[in-house]
Amino acid sequence: MAGRDHFELLQELYDLVARGEATTAAALGRRLDRSVPQVYRYARTLARDHGAPLHYDRAARRWQAADAAWRLPRIRVSAAEVYALAVARSLLEAVAPSAPRRALDRLLREVRDAADDRLGPHAAGRVSAAEGTRVTMDDAVLERILDALRRGRAIRFRYRSPWTAESSVRDVDPFHLRADDHSLYLVGHSRERDAVRVFHLPFISDVVLLPDAARPAPAD
């Protein structure tokens, strides 16, 4: 049973039902080496999220498959794509209602299950760090930075040094947000320093969009 990813397990469940080899929760649990509640959850995922023609007969307490040839669509994702999804989930923590956050949590789990065998330890660690990021700041700061990034505008904000009590006003061309070390950072071009700088978001306040366009981010 070892070595199967999430999608392979879902497909095996469907195939067992389609072939009539295991159609009850108990029988499927034994064949898949999973608990009965897990079997019900996998079957719901197949039918609801992936459109599998899988029907549960409540009277007989068993599943039926309408199409023996049905295959679960496979996705192929890179480590960079999984990381980007984890960062997006972290950003939603502060600004989105709970329903889309829960939906993205489910998607991230499935994508990670599908890609874990291809991530490697370093990439998997970066994804875990991004997932663990929980943004704690004034919501308006994040919302205005995201607005500036969407509109391609430069921003002005007050930045407090993480090492001293001093603060200063910065004019910045924002490039992107980065999740790292369980926190969130803004990467952009500092007009005062005429160089790329990284700003820790919890130390940013009083964000204002400037009228001029931001310079584009340098090519990777």
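The values are calculated or read from the model by the stated rules, or taken from the named source; none is laboratory data. No experiment lies behind these values; they were computed from the predicted model shown. Surface areas here come from the heavy atoms of the whole protein model, side chains and all, with no ligands, DNA or RNA. Shrake-Rupley method; radii C 1.70, N 1.55, O 1.52, S 1.80 Å.
Odds and ends about this structure:
- Value of D in µm² per second that Stokes-Einstein yields for region 147-219, Kirkwood Rh from Cα pairs, at 25 °C (0.890 mPa s): 197
- log₁₀ of I(q)/I(0) at q = 0.21, 0.23, 0.30 Å⁻¹ - region 12-62, Debye sum with one point per alpha carbon: -0.68, -0.82, -1.36
- Ligands, DNA and RNA aside, Glu8 has an accessible area near 80 Å² when probed at 1.4 Å.
- Estimated at 0.36 nm per residue, the fully extended path between Thr24 and Arg41 surpasses their Cα-Cα distance by 4.8 nm.
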